[in-house]
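One structure below.
Quick note: the coordinates plus some simple rules give every number you see, no bench work behind them. Computed from a predicted structure; not experimentally measured. Backbone-built Cβ (ideal geometry, glycine too); neighbour counts: all protein chains shown.
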Amino acid sequence: MSARAALTLRPGAHDAPPLATAMVLAAGLGKRMRPLTATRPKPLVEVAGKPLLDHVFDRLRAAGIGRAVVNTHYLADALEAHLRHRVQGIEVIVSDERDRLLETGGGVANALPLIPDERFLIANSDNLWIDGPVDAIRLLGSRWDDSIMDALLLVVPLARANCHGGIGDFHMDANGQLTRRRPGRVAPFVFTGVQIVSRRLFEDAPEGAYSFNLLWDRAIANGRLYGFVHQGLWFDVGWPGAIAEAEALLAQG
């Protein structure tokens, strides 16, 4: 299935209210980014003259999101100081994981008391994306359909996954429904680190640390995991060598 087909076949719920809250995942140890993360958390590593975290907040502000919950663990003091002094125009609430790193799923579940919304955005802080003709977050929000979705992932075709060394994450059918990459196969779509989720996704979820993969697998089993294709640029800035590669591609326009 082509990326263009995935964009046009399901209209989504265009009358859905704008997204109000984002959860920014920023608690990871950044092991793949060493030695750059020996003295600073990964979200503060700079790409194109700006910390990765600031790139994410630029996208949140552009999409009109007014509240961001950010989880912290590794070098949390430095990250929280940056949030206090450098982030403007968005209310920032810290979800403190200093005592225990809860991974992606557990980290969001732990922050749910700080998130009043029934649906909200989640964005990883170690990916860099540039909007296409339309703001990616606003477009993703316009495609949300509460009647059929528990999670809606922004995905990019594997061929356009800059700096990414993987073999894809998901297959997508004509209606945008996602399934896992099949064993021994290449999957045509890569998760960008940006998604909208419903609080329903966390019903009966385990306590403590666990990966978001657990929640996605439950949504797939229920036929409620969907994807939408990003129309702009995306960079997987997960290791030091990817920084120069991403900057070179950005400089080329």
Give me VAL194, VAL229, VAL155 ranked fewest to most by other Cβ atoms within 10 Å of their Cβ, as a rough exposure proxy.
VAL229, VAL194, VAL155
Difference of contour (0.36 nm per residue) and Cα-Cα distance, ALA78 to VAL186
35.0 nm
Nearest-0.05 FRET efficiency for ALA62 and ASP146 at R0 = 25 Å, using Cβ-Cβ distance, is 0.55
Enclosed volume per residue, in Å³, of the convex hull spanned by Cα atoms of region 18-251:
126 Å³
Mean Cα-pair separation over length for the chain, i.e. relative contact order, pairs under 8 Å, 6 or more apart, %:
27 percent
DSSP beta bridges in the chain: the antiparallel percent, rounded to 5, is 50 percent
Pick from GLY193, GLY208, GLY184: which is most flexible by mean-square fluctuation in a GNM of the chain where alpha carbon atoms under 10 Å apart are linked?
GLY184
Between VAL70 and residues 5 or more places away or on another chain, which pairs have amide H atoms under 5 Å apart, with H built 1.01 Å from N, and which residues are they?
VAL24, ILE93, VAL94, SER95
Grab the beta carbon distance between LYS31 and ASP173, set R0 = 35 Å, and tell me the FRET efficiency rounded to 0.05.
0.50
Residue by residue through region 229-240, which ³J(HN,Hα) values in whole Hz follow from phi under the Karplus form 6.51 cos²θ - 1.76 cosθ + 1.60 (θ = phi - 60°), with glycine and proline marked x?
8, 5, 9, x, 8, 9, 10, 8, 9, x, 8, x
Using the beta-carbon distance between ARG86 and ASP217 and R0 = 35 Å, what value does 1/(1 + (r/R0)^6) give for FRET efficiency, to the nearest 0.05?
0.45
Among trypsin sites (Lys or Arg not before Pro) in region 156-240, those in a DSSP loop whose Cβ has at most 12 other Cβ atoms within 10 Å are ARG185
Ordered by residue, what ³J(HN,Hα) values in Hz, to whole numbers, does region 43-54 give under the Karplus form 6.51 cos²θ - 1.76 cosθ + 1.60, where θ = phi - 60° and Gly and Pro are x?
x, 9, 5, 8, 10, 6, x, 8, x, 3, 4, 5
Quick check: residue separation of ILE93 and VAL134 times 0.36 nm, minus the Cα distance between them. What number comes out in nm?
12.0 nm
With each pseudo-label sitting 7 Å past Cα toward Cβ, what's the ARG200-LEU101 distance in nm, one decimal?
3.3 nm
Which residues qualify? For HIS164, with a placed amide H closer than 5 Å and at least 5 residues away or on another chain, they are ASP236
So if I take the centroid of the Cα atoms in region 59-122 and the same for region 173-226, what is the distance between those two points in Å?
21 Å
